[in-house]
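The values are calculated or read from the model by the stated rules, or taken from the named source; none is laboratory data. This one's a predicted model, so the numbers in the text were calculated from it and none came from an experiment. Cβ coordinates were reconstructed from backbone atoms using ideal geometry, including for glycine residues, and neighbour counts include every protein chain displayed. Remember, those area values only see protein heavy atoms, side chains included, never the ligands or the DNA or RNA. Shrake-Rupley method; radii C 1.70, N 1.55, O 1.52, S 1.80 Å.
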Amino acid sequence: MRLPHFEYVKPATLEEGLKVLHQSGNKARILAGGTDLLVNMKYRVVRPEIVMGIKSLPELCTVSSGSNGSVTIGSCVTLTDLAKNSLIAENYPALKLATTSIASKHIRNMGTIGGNVCLTTRCWYYNQSKLWRDGREVCHKAGGTVCHAIKGSTRCHAINNSDTIPVLIVLNATMVLKKKGSERLIPSKEFFRDDGIRYTVLEPDEILTALLLPESSGDSYITFIKVCSRKGLDFAWGSIAASVTGSNGKCTQASLVLSSIASAPLVLKKTSQVIIEGGLSEQSIEKAVETARSELGILTNLFTSAGYKRDLSQVLVKRALGELQGQMKKERRTKA
Amino acid sequence: MKQIITLKVNGDTHQVAVSPWHTLLEVLRDQLGLTGTKRSCGMGTCGVCTVIMDGKAILSCLTLAFECEGHEITTIEGISGEGTLHPIQKSFIENGAIQCGFCTPGIIMSAKALLDENPHPDDEQIREALSGTFCRCTGHIKTVEAVKKVSASYGKGKNDGE
């Protein structure tokens, strides 16, 4: 499939790029790695008049550490470079794990962290060629009024398939969004919307320029688990990031986030509360696994059946908490 | 809408007139006649269009030609000498890792990017590097074996890493 026609703009500076977006609004799309946008353009599900390449803007391509122990990741750092970065490998191993789990080496060499965060939500009925889509009524996301994933639904249920998002939320990352003349900082938890069409709060004239990671705390444990049909290349059926802060099985803080299950990453608040109250005991983990099922809300049959998604979510919660329990026990042994 | 851009491919500098929507793959095949790089899915799934850009394996079907200016591109045509094969190519033939040959350029370029960076990878690293490429006839065991065998002596021959 060939790309549709468009005008290509390569800004020399970020300011110039923001100006272009300000003037063109909805007509322009930002191109970074291209592994998501260009595929969707070939499918004719995105038809921008202007494509603005920002990958070569140097201010977006660095990972740097601040004086307070925080780390700033430029949105155009490639997934390969991010996984190789020593600041990330030492302080945020779960982010490295999630990053290396994405697609194939080729795609990680091209794709960027900003692109993975803003990854288009996906659906069986939407991510198809125009010819294929034309065989059915036009769905919400393609500009129509029906949803093929859930019959009768008044909204789009396309799924957020990003692997780095759950880890970034668990790490309390902050997104830096810039537009002409202003900048806003959005906590990663509030960056996503439970809507397959407008799945982030990013405005058409804004660029996600960086991700800020707070200092990694010494007594916190974190893990990431992804389940997909093959280890390489496939999008996840479900993934989870989980973290706890504490020692000796007791937790002062807990955070669990599921991804690839719904249109937005699912922050399991009640499940986390169970762990804060009961710690990482077998009994408490059992209770957390039960609680998780009640927090999932309405799920679709996209990519896997809704029933499978519920079971998988419970398995992911159980595995993640077991892993954290193991990490904590191991740490206690090494300290003792 | 066409613009003249300068591409550095296999050590040669080419000036080509391209439109913004032309991918590197289209320019390599249709304008430069370098048809060793294949086109198949066009969606980043199969890996047959793999070329090396600045030492990294990338997919030429998802790379705009406009964004390749100032970068060093190597295609399958650029790795063998005159009348001689690259050691990875020889190893693929000797180890039966080639059948119809359509996916082979992509797999060899992926393997070359890996071996140039890490001449002695373990099985897991080889599998990871080749995981973005599909072979639908020989299978993937032979390709992993071929890369493993050539890695033992990689970087020692005079034609390596060219």
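Quick rundown of the values:
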{"item": "Solvent-accessible area of B:D116 with every protein chain in place, 1.4 Å probe, in Å² to the nearest 10", "result": "70 Å²"}
{"item": "Nitroxide proxy distance, nm - points 7 Å out along Cα→Cβ at A:D134 and B:D123", "result": "4.9 nm"}
{"item": "Accessible-area ranking of A:D163, A:D81, largest first, probe 1.4 Å", "result": "A:D81, A:D163"}
{"item": "Per residue solvent-accessible surface (Å²) - segment B:3-77, probe of 1.4 Å", "result": "34 Å²"}
{"item": "Accessible heavy-atom area order of B:H140, A:H157, A:H22, highest first, probe of 1.4 Å", "result": "A:H22, B:H140, A:H157"}
{"item": "Exposed-site-free run, longest, chain A (rule: GluC sites (Glu not before Pro); DSSP loop; at most 13 other C-beta within 10 Å)", "result": "A:216-336"}
{"item": "Cβ-derived FRET efficiency at R0 41 Å, A:K330 paired with A:T154, nearest 0.05", "result": "0.25"}
{"item": "Accessible surface of A:V20 - all protein chains present, 1.4 Å probe, nearest 10 Å²", "result": "30 Å²"}
{"item": "Within chain A, helix-based [θ] at 222 nm, where runs of 4 or more DSSP H residues each add -39,500 (n - 2.57), nearest 500", "result": "-9500 deg cm²/dmol"}
{"item": "Per-residue SASA entry for A:C61, accessible area with 1.4 Å probe, Å² rounded to 10", "result": "50 Å²"}
{"item": "Dipole magnitude of segment A:1-117 about its Cα centre (Cβ charges: Lys, Arg +1; Asp, Glu -1), debye to nearest 20", "result": "500 debye"}
{"item": "Alpha carbon Rg of segment A:220-335, scaled by the compact-globule rule 2.2 N^0.38 Å", "result": "1.06"}
{"item": "Phi-based couplings in Hz for segment B:6-16 (Karplus 6.51, -1.76, 1.60; Gly and Pro marked x)", "result": "10, 10, 9, 10, 6, x, 8, 9, 10, 10, 10"}
{"item": "Dimensions (Å) - the protein assembly as shown, Cα atoms, principal axes, largest first", "result": "71, 55, 50"}
{"item": "Most to least accessible of A:S313, A:S65 (protein chains only, probe 1.4 Å)", "result": "A:S65, A:S313"}
{"item": "Cα centroid of segment A:230-273 to Cα centroid of segment A:1-78, whole Å", "result": "29 Å"}
{"item": "Whole-Å distance, taken between Cα centres, linking segment B:57-91 and segment B:4-18", "result": "14 Å"}
{"item": "Overall Cα dimensions of chain B, principal axis frame, Å, largest first", "result": "48, 33, 26"}
{"item": "Trypsin sites (Lys or Arg not before Pro) restricted to segment B:95-162 and DSSP loop, no more than 12 other C-beta within 10 Å", "result": "B:R136, B:K156, B:K158"}
{"item": "Cleavage-rule hits, trypsin sites (Lys or Arg not before Pro), segment A:229-279, DSSP coil, Cβ neighbours within 10 Å at most 13", "result": "A:R230, A:K231"}
{"item": "Net charge contributed by nearby residues that have their C-beta within less than 9 Å of A:L299 (K/R +1, D/E -1)", "result": "+2"}
{"item": "Estimated vicinal HN-Hα couplings, Hz - segment B:99-108 in sequence order (Karplus 6.51, -1.76, 1.60; Gly, Pro = x)", "result": "10, 6, x, 5, 7, 4, x, x, 5, 5"}
{"item": "Principal axis box of segment B:3-77, alpha-carbon based, largest edge first, Å", "result": "30, 24, 19"}
{"item": "Dipole in debye (nearest 20) - the protein assembly as shown, about Cα centre, beta carbon charges: Lys, Arg +1; Asp, Glu -1", "result": "1220 debye"}
{"item": "Debye, to nearest 20: dipole size of segment B:3-77, +1 on Lys, Arg Cβ, -1 on Asp, Glu Cβ", "result": "220 debye"}
{"item": "Whole-number D in µm²/s for segment A:1-156 (Stokes-Einstein; Kirkwood sum over Cα pairs; 25 °C, 0.890 mPa s)", "result": "140 µm²/s"}
{"item": "Pairwise centroid distance, computed over Cα atoms, of segment B:106-125 with segment B:23-37, Å", "result": "24 Å"}
{"item": "Alpha carbon Rg of segment A:74-215, scaled by the compact-globule rule 2.2 N^0.38 Å", "result": "1.16"}
